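Below you'll find the structure, written out as structure tokens, and then a few comments.
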Amino acid sequence: DVYKRQTLTYQFDIGEYQGFVLFDYSHDHSAEELIVNPIIEELEPITHEYAFEINKIPVGYNNLLLRAGDRNVLVDAGIRRPLGKLWLGLEELKIDPGDIDTIVITHSDRDHIGGILDDEGEISFPKASYILLEESWQYWTSKDRRAELTRLNKWTKEKTQFAWETYKKIKDLIKFVTPGDAFVPGLRLYPAPGHRVDHSILKVTSSDAQLMHISDALAHPLFMGNHNCYSTYDANPVQAVGTKIKILNMCASENALLFGAHFPFPGLGYVRQGDDCWKWQPIKYA
């Protein structure tokens, strides 16, 4: 129960930035619910290593807040209240929603943009601007393109409509960026298709430190155990596997701290190259 947690936040440093992970929600999945054609005998040793059961795989819903000086950058906005608990984490940190000046949108699933509006349909973060890859926005510019996006992302029409109604509310507040351009010092968005066609990841570089916010490119550390393993939630399996391999190799070679939006809280750790796969080295968290 979220209300029984000792804390809804986790604090760490990444170069000059203070980082905060904010708990939003969590849910257990069976292997079949989460993984396409799971090979149980491969997965069970990994679940034992991380101390959970193969049919109770903990999937988190976490959000990342970056603070430097008077800047407060929130990456994705979580699930809409009352299911989403992001707002409780902000209260714990004594941060008012009006203190958030920038919100980065990695993709348009409702568990990543739902919290942009409150349960009355009003903007939750009244002073924020919204960062979105320009090429992602192109899919929202016409009814035909939105229909194409619905097909490519394997969404229902209702999911597309939910996202479009959200975007219409903040349309004038969106700042479009190109891949690799720093929209805030050290913060850059890159396309990472597969989970969704318009999915992106955030790279944070500050001093000598690096963090890779992989959003939904991997739904869980279990997906590091097999090169070809992908999620039931991935719209394009071939792209998803290719993106996963590229990201994990980069994190391992560059020793970048990885943040997974759906990894067990707080979703932070390092990727190590194994003999024929990758190993997840989570940060120690009590």
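Computed values, structure above
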| read-out | value |
| --- | --- |
| Subset of the stretch 16-39 (residues that are hydrophobic (A, V, I, L, M, F, W, C) and assigned to a strand (DSSP E or B)) | 20, 21, 22, 23, 35 |
| The listed residue being over 23 Å from residue 13 (Cβ atoms), out of contact with any Phe, Trp or Tyr (no Cβ under 9 Å at 6 or more places or on another chain) and not β-branched (Val, Ile, Thr), out of 117, 83 | 117 |
| Residue that is surrounded by 24 or more Cβ atoms within 10 Å (Cβ to Cβ), in contact (Cβ under 8 Å) with a residue 12 or more places away in the chain and within 19 Å of the chain's Cα centre (by Cα), where the choices are 131, 105 | 105 |
| Matching residues, the stretch 63-79, being at pLDDT 95 or above and assigned to a loop (DSSP other than H, G, I, E, B) | 76, 77, 78, 79 |
| Failed condition for residue 279, given (1) of a type in the set (D, E, K, R); (2) within 20 Å of residue 106 (Cβ to Cβ); (3) touching a residue at least 40 places away in the same chain (Cβ under 8 Å) | (2) |
| Exclusive hit being touching a His at 6+ places or on another chain (Cβ under 9 Å) and either touching a residue at least 12 places away in the same chain (Cβ under 8 Å) or among the small types (Gly, Ala, Ser) (or both), set 36, 75 | 75 |
| Qualifying residue in the stretch 85-93 (condition: outside any helix (DSSP H, G or I) and within 18 Å of the chain's Cα centre (by Cα)) | yes |
| Residue list for the stretch 170-203, restricted to those being assigned to a strand (DSSP E or B) and either among the hydrophobic types (A, V, I, L, M, F, W, C) or open to solvent by less than 10 Å² (accessible area, probe 1.4 Å) (or both) | 174, 176, 177, 182, 183, 184, 187, 189, 200, 201, 202 |
| Wholly enclosed strands (runs of 3 or more DSSP E) of the stretch 204-286 bearing at least 2 residues out of contact with any Phe, Trp or Tyr (no Cβ under 6 Å at 6 or more places or on another chain) and open to solvent by 10 Å² or more (accessible area, probe 1.4 Å) | 209-215, 268-273, 278-282 |
| Verdict on residue 154 being surrounded by 12 or more Cβ atoms within 10 Å (Cβ to Cβ) and not hydrophobic (A, V, I, L, M, F, W, C) | yes |
| Tally of residues being open to solvent by less than 80 Å² (accessible area, probe 1.4 Å) and in a helix (DSSP H, G or I) across the stretch 40-62 | 6 |
| Test: residue in the stretch 202-212 that is in contact (Cβ under 8 Å) with a residue 12 or more places away in the chain, basic (Lys, Arg) and farther than 26 Å from residue 274 by Cα | no |
| Scan of the stretch 218-273 for residues that are of a type in the set (Asp, Glu) and within 17 Å of the chain's Cα centre (by Cα), ordered by number | 234 |
| Test: residue in the stretch 83-99 that is among the β-branched types (Val, Ile, Thr) and closer than 26 Å to residue 218 by Cβ | no |
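Per-residue answers, yes or no, for (1) touching a Leu at 6+ places or on another chain (Cβ under 7 Å); (2) modelled with pLDDT of 95 or more:
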{"residue": "208", "(1), (2)": "no, no"}
{"residue": "231", "(1), (2)": "yes, yes"}
{"residue": "238", "(1), (2)": "no, yes"}
{"residue": "247", "(1), (2)": "no, yes"}
{"residue": "271", "(1), (2)": "yes, yes"}
{"residue": "274", "(1), (2)": "no, no"}
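The values are calculated or read from the model by the stated rules, or taken from the named source; none is laboratory data. From a predicted model like this one, the values you see are computed outputs, not experimental measurements. All Cβ positions, glycine included, derive from the backbone under ideal geometry; neighbour counts span all protein chains shown. Just the protein is used for accessible areas: all its heavy atoms, side chains included, with ligands, DNA and RNA removed. Shrake-Rupley method; radii C 1.70, N 1.55, O 1.52, S 1.80 Å.
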